[in-house]
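Asker: A single structure is presented below for examination.
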Amino acid sequence: MEDKSPSSDTITFLGTAGARFVVTKQFLASGGLWLSLDGIEILLDPGPGCIVQSTKRKLKAEKLSAIILSHRHLDHSADTNIMIEAMTRGGFNKHGWLFAPADALGSEPVIYSYLRNSLDGIEVLQEGKSYQIGKISFTTPTRHVHPVETYGMVFTTAKHTFSYITDSRYFDGLCHSYKGELLILNVVLLEAKQQVDHLSVVDAKHIITELKPKVAILTHFGMGMWRAKPWEIAQRLSQETGVKVLAARDGMKFELSQLDNT
């Protein structure tokens, strides 16, 4: 019998690595996010090692309904093909959807041509659009400032709304576009760098202060963030913003039912 309890709605952080050296050295894992929502399984940004991390945690790819890519960079998409293979049982079970920006499907597609027919279909993400995966809906409210076409997401379940702000330079639209009780933030940088289109701790503080979610979770750490101990940064941000801020860990599972008690 399917578990209908609130605790069955979970987000598993398969990896928290966020910069190329953290990823290539595997100081932290880089597998993306696994969402289990209202009995629907969704994989978000399957970076290098996703197949290893998900299998290690006994998450079954054949139960996935969809794979979503926020953008085409390797740390978000490298395991797309193997996860489609796993989701479709080697292509023998035509099943599941891929959601991705147009430039992830263009001249250098993230998906191999032979795998396309294994899927039920492919949806192209666009700014300001809404999408449906069974009972779960999500929107891509604004295009991010990043070297490739990139979108964050707002997910809505029967009981909760939560946002995922993926890689981007800070701009005002980030504070105006995302909502919900939970905010997941990719914070690569300890301090902002003019030439790098990623969020810093100062950016995160401003966004959290403006949006005031019940809980904010920091993830996708660069080397500077990791050396600075993200859990200590999260504790400091909690004190400064009045919002409960957590630092994700590889393999951490967050139950959405915790939001009901915050």
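Asker: Across segment 11-54, which residue is farthest from A78 (Cα to Cα) among those that are assigned to a loop (DSSP other than H, G, I, E, B) and hydroxyl-bearing (S, T, Y)? Show your work before the answer.
Answerer: We begin by selecting, within segment 11-54, every residue assigned to a loop (DSSP other than H, G, I, E, B); these are 14-16, 18-19, 26-32, 38-39, 45-49.
Next, from what is left, pick out any that are hydroxyl-bearing (S, T, Y): 16, 30.
Values: T16: 15, S30: 10 Å.
Going through the qualifying residues, I end up with T16.
Asker: Give me the pairs: first residue in segment 104-126 and farther than 18 Å from S65 by Cβ and of a type outside the set (V, I, T), second residue surrounded by 15 or more Cβ atoms within 10 Å (Cβ to Cβ) and modelled with pLDDT of 95 or more, beta-carbon distance under 6 Å, and six or more apart or on different chains, which are they?
Answerer: Sorted first by the residue in segment 104-126, then by its partner, the pairs are A104/L69; A104/R72; A104/V110; Y112/N81.
Asker: Residues that are of a type in the set (A, V, I, L, M, F, W, C), surrounded by 14 or more Cβ atoms within 10 Å (Cβ to Cβ) and out of contact with any strand residue (DSSP E or B) (no Cβ under 6 Å at 6 or more places or on another chain): find the helices (runs of 4 or more DSSP H) completely inside segment 55-153 holding 2 or more of those.
Answerer: Qualifying helices (runs of 4 or more DSSP H): 80-87.
Asker: Go through segment 226-257 and count every residue that is within 27 Å of T55 (Cβ to Cβ) and touching a helix residue (DSSP H, G or I) at 6+ places or on another chain (Cβ under 9 Å).
Answerer: Total meeting the criteria: 10.
Asker: Does K135 satisfy the criteria of being basic (K, R), within 24 Å of T10 (Cβ to Cβ) and out of contact with any Pro (no Cβ under 8 Å at 6 or more places or on another chain)? Spell out how you get there, then give the answer.
Answerer: On the way: basic (K, R): yes; within 24 Å of T10 (Cβ to Cβ): yes; out of contact with any Pro (no Cβ under 8 Å at 6 or more places or on another chain): yes.
Yes, satisfied.
Asker: Kindly indicate whether Y178 is touching a Gly at 6+ places or on another chain (Cβ under 9 Å), within 22 Å of P101 (Cβ to Cβ) and among the aromatic types (F, W, Y). Show your work before the answer.
Answerer: Values: touching a Gly at 6+ places or on another chain (Cβ under 9 Å): yes; within 22 Å of P101 (Cβ to Cβ): yes; among the aromatic types (F, W, Y): yes.
Criteria met by Y178.
Asker: If you go through segment 178-195, how many residues are modelled with pLDDT under 95 and not charged (D, E, K, R)?
Answerer: 3
Asker: Restricting to segment 13-38, give me the number of residues that are surrounded by fewer than 21 Cβ atoms within 10 Å (Cβ to Cβ) and touching a residue at least 40 places away in the same chain (Cβ under 8 Å). Give the derivation first.
Answerer: Here is the first cut: in segment 13-38, the ones surrounded by fewer than 21 Cβ atoms within 10 Å (Cβ to Cβ) are 20-21, 24-27, 36, 38.
Subsequent filtering for residues that are touching a residue at least 40 places away in the same chain (Cβ under 8 Å) retains 20-21, 27, 38.
The qualifying residues number 4.
Asker: Search segment 182-195 for residues being in contact (Cβ under 8 Å) with a residue 24 or more places away in the chain and of a type in the set (A, V, I, L, M, F, W, C), and hand back the single one that is farthest from G32 (Cα to Cα).
Answerer: L190
The values are calculated or read from the model by the stated rules, or taken from the named source; none is laboratory data. Being a predicted model, the structure only gives us computed values, none of them experimental. No Cβ is skipped: glycine too gets one built from the backbone with ideal geometry, and neighbour counts run over all protein chains shown.
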